[in-house]
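Undergrad: Quick one: the structure is below, and I'll ask about it shortly.
Since every read-out is calculated from the coordinates, none of them should be taken as a lab result. These figures come from a predicted structure and were not determined experimentally. Reconstructed Cβ throughout: ideal geometry from the backbone, glycine too, with neighbour counts over all protein chains shown.
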Amino acid sequence: MKDIKFERELKLLINYIREYGIHHAAIMKGDLPGSESHHQFVIQVHKGYMLAQKSVLCNLTRVLQEKKQVKAKLKDANRSRDKQAGKECTLQLEKLEFQEVIFRKIMDSIAWTLLRLDITDVRRLYGGEEPIDITDSNIESCVEYSELVFSRNPLEFALINDLTSFVQAGDILLYKYGESLSIIELKSGKINKRVLDLLGSYMECNCDRFLFLSLEKEDEKFKKQFERTVRQMEAESEVVHVLKTGQGTDRITGLQVNIGQDRLELDTYTETVISLVEKARTKGYAIGAVEDCLFLGVYENDRFPRGVFSEWMRGIKHKSPIYDLRQSLLDPVAFPLFLQPFPTNTVVDIALGRVSVLLCVDLDAWLSPLEKEGFTIQWMSKKETNKLYAKVKGKTCHLSFDGRALMIQKDDFSFILQGGAFVRMFTLFNTPSAMRKYFMAGYDRRDIHQE
């Protein structure tokens with residue numbers, strides 16, 4: 001997709017997911033949930049979501065098809081040893097992959113909103129798998145179901161999960177106004193119908209002998225589909241259980257989680273970021289610090305290249321990694337850039353790399369106050385770190401310096417500092433002290449899960 005068309009589509013999509021309901025409904029401050037005016041607002045929001053979903057479906061399909069064509073050309077170029085053609089194909093492929101990420105993050109933004117911006121629930125729905133190529137899947141049934149739901153009751157919205165980068169449980173995330181979310185698995189085809197019929201009969205009679213004899217009569221194709229369906233149902237049942245109770249198994253690490261039902265209110269530095277962005281749009285750059293340990297820089301790159309932030313960190317002898325807010329686009333469970341509290345043009349400029357929002361935390365200054373509370377901060381060996389992360393699935397932003405992870409301990413309790421803490425601090429803009437509060441609350445529960 002050409003750059004001009006892509007940017008135009010992106011701005012339109014952002015309008016659909018952030019502003020459509022506001023512009024098309026007459027809701028007043030103080031209108032109560034459940035009132036007619038509030039219902040009309042929800043309906044218009046859902047209409048905007050439907051327009052975004054339809055557009056993403058179309059654009060994502062086009063991009064994925066183009067990717068296949070370019071990959072075929074790249075293969076031919078490599079076979080014929082045409083380096084120039086290979087280089088051009090590689091650059092084109094990178095651009096298409098970026099466009100795919102953007103379109104999926106638009107749908108992630110809707111999913112986050114339906115999940116009430118709760119990262120703990122977001123993490124429960126991510127299975128560490130690569131996103132589905134919708135050009136190779138039977139997505140038509142999902143599209144039909146979503147359209148049917150909205151036409152039947154526009155206070156409901158059915159999100160097509162395969163369009164997102166992180167919702168990997170079921171086919172549909174169904175929101176009904178005033179109710180909790182549901183995970184819907186759509187099954188079509190004769191074999192799937194027979195599989196579900198057999199499962200239904202087995203659940204009624206609860207007889208293993210009946211199930212064994214029934215499967216003995218079937219061919220291998222049916223048995224494999226039966227096993228696949230059972231695995232999906234078990235996984236989705238576990239996800240639903242954790243979402244409802246806060247207890248269960250983490251799909252990425254395989255570790256047991258015990259999520260506190262009393263959610264902590266964590267302070268943010270959002271207003272500081274907004275202020276710096278506004279200043280940078282006028283001056284070309286702005287810098288600041290939060291609690292003397294988190295450093296921020298916002299740069300319009302055609303006026304003040306982002307490299308000056310690295311020079312600043314080097315000047316104060318600060319060696320921690322620099323986080324670019326644009327990186328959040330590549331993290332399936334990071335808070336979506338498109339929901340950040342910036343004007344649309346600024347969000348687009350950040351996404352396209354014209355504006356950089358850079359963050360860097362001084363680990364010692366951030367974590368040392370925990371030592372006064374009795375915690376020990378300890379770096380693991382490279383061997384221990386490799387063993388720790390060997391079986392972890394999916395794209396996660398584990399913290400390591402030269403391949404070493406950081407462990408925080410107190411008494412018989414310990415946890416590894418992982419990506420969730422930085423997602424909260426760098427994309428949800430929770431303050432460093434709020435994150436220490438979060439860690440200490442985990443110690444009080446004897447549980448820490450960095451969602």
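Undergrad: Only four residue types carry charge here, +1 at the Cβ of Lys and Arg and -1 at the Cβ of Asp and Glu. Report the dipole size of region 311-358 about the Cα centre in Debye, rounded to the nearest 20.
TA: Dipole size: approximately 220 debye.
Undergrad: Follow-up question, since we're still on this one. Is the shape of region 47-114 rounded, prolate or oblate, going by the alpha carbon gyration tensor and its root eigenvalues a ≥ b ≥ c, with a/c under 1.5 for rounded and a/b larger than b/c for prolate?
TA: Prolate shape, in that a/c is at least 1.5 and a/b is the bigger ratio.
Undergrad: Going highest first, how would you order 41-50, 71-80 by mean Cβ packing within 10 Å?
TA: 41-50, 71-80
Undergrad: For region 63-172, state which GluC sites (Glu not before Pro) are in a DSSP loop and have at most 15 other beta carbons lying within 10 Å of their beta carbon.
TA: Answer by residue number: 129.
Undergrad: Still on this structure, please answer the following. Anything over 30 Å Cα to Cα? Flag those among 47/224; 283/319; 319/372; 5/47, in the order listed.
TA: 47/224
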